[in-house]
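Below you'll find the structure, written out as C-alpha cells, and then a few comments.
Please treat every number below as a calculation from the coordinates, not as lab data. On a predicted model such as this, the values are computed, not experimentally measured, just so you know. Backbone-built Cβ (ideal geometry, glycine too); neighbour counts: all protein chains shown.
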Amino acid sequence: MHLPVDKILKNGMHLELDYMHSEEQETVRTLLNLVILEGNTYPQKQALTQSEFTAYWMSQVACVVRLKQAFASSPANKILGAFFLKPNFPGRCSHICNAGFIVQREMRGLGLGRLMGEAMLEIALELGYKAVMFNLVFKTNIASLRLWESFGFEVIGQIPSAVEFNDGSFVDAVIMYRNLEQ
C-alpha cells in the first residue's frame, strides 16, 4: 500500500492515512491513554508511560489518520485515529499478526475504523502475514464486532469473564481470526 492515502468522508472531512511520524507519538499515546481510561475496549487499567507505549504500539507498523483541513493547526487536533500492526506470536507463528485501533471519541461512527481496517489488511498482506488475530474483543464492543465481521473475521473462541470493568462487573471477550489467503 502506498501511503499516504487521502480519503474524503461522507461528511466532507478530508483525511490522510499515513505512517506515524515520530513527532506524533505523544499525541497517539495520549489518545490511547484516553481510550484505556474509558475502560471499554483495551485491557490495560492504567495509562501507559512513554516506554510502555513504545513497546506496545511501536514494535512494527504504526499508522495514523490525520485531518487535512486547514483548521487543524496543532498535531493534537490533526490525529483522529491510529492503529498498529505487529506479529501476534514469535518465531514459527509470526505469520499471524495482531492489530490495535483507536479513534477519538467524537470521531467514532464516521468510517475511520473501516478506513484503518482496510489499510491494515492490505499492509498485512504486503508484509507477508497469513492471518490476522484479535486476542480480546470485548463482547460489549458491538461496533468493533460488527466491523470485523464485515471484513470476514470469525469468532474462533470466547473467554468467559475476561474483562473486569471499573464498576467490578465482568464481561466475556472473543478471539477473532481472519485468514488472509482466502
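Scanning segment 147-182 for residues that are in a loop (DSSP other than H, G, I, E, B) and on the phi > 0 side of the Ramachandran plot, we see that the one that is farthest from the chain's Cα centre (by Cα) is G168. In segment 92-128, what count of residues is obtained for those that are farther than 16 Å from A82 by Cβ and either free of Cβ contacts under 8 Å to residues at least 12 places away in the same chain or β-branched (V, I, T) (or both)? Selection size over segment 92-128: 4.
Scanning segment 22-34 for residues that are under 15 Å from G81 (Cβ atoms) and surrounded by fewer than 18 Cβ atoms within 10 Å (Cβ to Cβ) turns up T30, L34. Exactly one residue out of L37, L15, L31 is touching an Asp or Glu at 6+ places or on another chain (Cβ under 9 Å) and either not in a strand (DSSP E or B) or not β-branched (V, I, T) (or both): that is L15. Do we have any residue at all in segment 108-116 that's closer than 20 Å to P43 by Cα and either under 18 Å from the mean Cα position of the chain (by Cα) or among the aromatic types (F, W, Y) (or both)? So far as segment 108-116 goes, yes, one or more of its residues are closer than 20 Å to P43 by Cα and either under 18 Å from the mean Cα position of the chain (by Cα) or among the aromatic types (F, W, Y) (or both).
Return the only residue of K10, K68, K78 being crowded, with 17+ Cβ neighbours inside 10 Å and basic (K, R). When all the criteria are applied, what remains is K78.
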